Amino acid sequence: MALPQSAAATAEVKPDAALAGLERLSHRRVFFGHQSVGGNILDGVRGLRPSPGPTAPAIVEVKDASATIPQGTLAHAFVGQNEQPETKLAHFERLLDGGIAKQVDVALMKFCYIDFTSSTDAKALFDKYRATLAGLKSRHPGVTFVHVTTPLTTVQRGAKAWFNELRGRPVFGVGENVSREAFNALMRQTYGGKEPLFDLAALESSQADGTRETYEVNGRAYPALVPAYSDDGAHLNAQGQARVASALVAFLAALPEAPASAKAGP
């Protein structure tokens, strides 16, 4: 499979390219499993289309596997429970196996920043993720599965961070982003250049000019969410939504179509 360029590229996607991507997606069927940050991204996709504008996919929430997904739909579902990432995997798998896979061309899911703490076993979670996606890919060869790195948060800085350190309290974002980066590194090592990988974390931690937002732990640099992309340190604001949404639309639009012989559904 000829894969599109990694979405870790830090250059802004031009408006014309985003509109062309929306038009191409209006001829495909995509399913996206997510929670709140995914909702932010979808808000960004809605904002890409001027009114009046060119054809764009309909964004439709799916409640269960019996839903009908027509061509030109970006279907999505709020999968699982936050802070319980295994439930998200199980729900995503259940929806696809239950009938969604027969109707879509592309499927992707993402964990949320809140699914990771400083003590999360990133390797164990990744092993579960890899096994689940391998099973789905084997059972549904007509679907292109896209892997998505886990979103980040900002890191607390300044007087509040210093005060927390002084009192032995955790500093917001420090340990959690270490766990997220451990998981994301496994995603890149396993799928980078081999299967479609949308590097959400790299986009969130890069300015438009390519400058990276990082912090250090024991002499090692770790990525963090660019503060300008969020109003609460975790969810994407209008600027962050537009940046990620335009990159995702361009990425999905560039995916090659699965061979007709692999199509499993109508």
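The values are calculated or read from the model by the stated rules, or taken from the named source; none is laboratory data. Everything quoted here is computed from the prediction, not taken from an experiment. All Cβ positions, glycine included, derive from the backbone under ideal geometry; neighbour counts span all protein chains shown. When the accessible area is computed, the model is the full protein with side chains, heavy atoms only, and any ligands, DNA or RNA have been set aside. Shrake-Rupley method; radii C 1.70, N 1.55, O 1.52, S 1.80 Å.
Looking at the range 210-251 only, could you name the residues that are within 19 Å of Val148 (Cβ to Cβ) and out of contact with any Ser or Thr (no Cβ under 8 Å at 6 or more places or on another chain)?
Tyr229, Gln241, Ala242, Arg243, Val244, Ala245, Ser246, Ala247, Leu248, Val249, Ala250, Phe251
Could you list, ordered by first residue, the pairs with Cβ atoms under 7 Å in which the first is in the range 119-136 and closer than 17 Å to Lys194 by Cβ and the second is of a type in the set (Val, Ile, Thr), at least 6 apart or interchain?
Arg130/Thr190
Within the range 206-220, can one find any residue that is out of contact with any His (no Cβ under 8 Å at 6 or more places or on another chain), assigned to a helix (DSSP H, G or I) and open to solvent by less than 50 Å² (accessible area, probe 1.4 Å)?
No; the residues of the range 206-220 include none that is out of contact with any His (no Cβ under 8 Å at 6 or more places or on another chain), assigned to a helix (DSSP H, G or I) and open to solvent by less than 50 Å² (accessible area, probe 1.4 Å).
So is Glu61 closer than 18 Å to Leu25 by Cβ and free of Cβ contacts under 8 Å to residues at least 60 places away in the same chain or not?
Considered against the rule, which asks whether it is closer than 18 Å to Leu25 by Cβ and free of Cβ contacts under 8 Å to residues at least 60 places away in the same chain, Glu61 comes out as yes.
Being assigned to a helix (DSSP H, G or I) and open to solvent by less than 50 Å² (accessible area, probe 1.4 Å) is the filter here, so list the residues in the range 18-31 that pass it.
Answer for the range 18-31, where residues must be assigned to a helix (DSSP H, G or I) and open to solvent by less than 50 Å² (accessible area, probe 1.4 Å): Ala18, Leu19, Gly21, Leu22, Leu25.
What number of residues within the range 72-86 satisfy the criterion of being polar (S, T, N, Q), touching a residue at least 40 places away in the same chain (Cβ under 8 Å) and more than 7 Å from Arg29 (Cα to Cα)?
1
Considering every residue within the range 230-248, establish whether at least one is at pLDDT 95 or above, in a strand (DSSP E or B) and farther than 22 Å from Leu96 by Cβ.
There is no residue in the range 230-248 that is at pLDDT 95 or above, in a strand (DSSP E or B) and farther than 22 Å from Leu96 by Cβ.
Suppose we filter Val178, Val217 for residues that are under 19 Å from Ala122 (Cα atoms) and modelled with pLDDT under 95; which single one remains?
When all the criteria are applied, what remains is Val217.
Report those helices (runs of 4 or more DSSP H) wholly inside the range 61-168 carrying at least 1 residues which are loosely packed, with under 15 Cβ neighbours inside 10 Å and at pLDDT below 95.
Counting at least 1 such residues, we get 158-166.
Within the range 175-196, how many residues are open to solvent by 20 Å² or more (accessible area, probe 1.4 Å) and outside any helix (DSSP H, G or I)?
The total comes to 4.
In this structure, does Leu48 turn out to be surrounded by 16 or more Cβ atoms within 10 Å (Cβ to Cβ) and modelled with pLDDT of 95 or more?
Taking the combined requirement at face value, the residue does not satisfy it.
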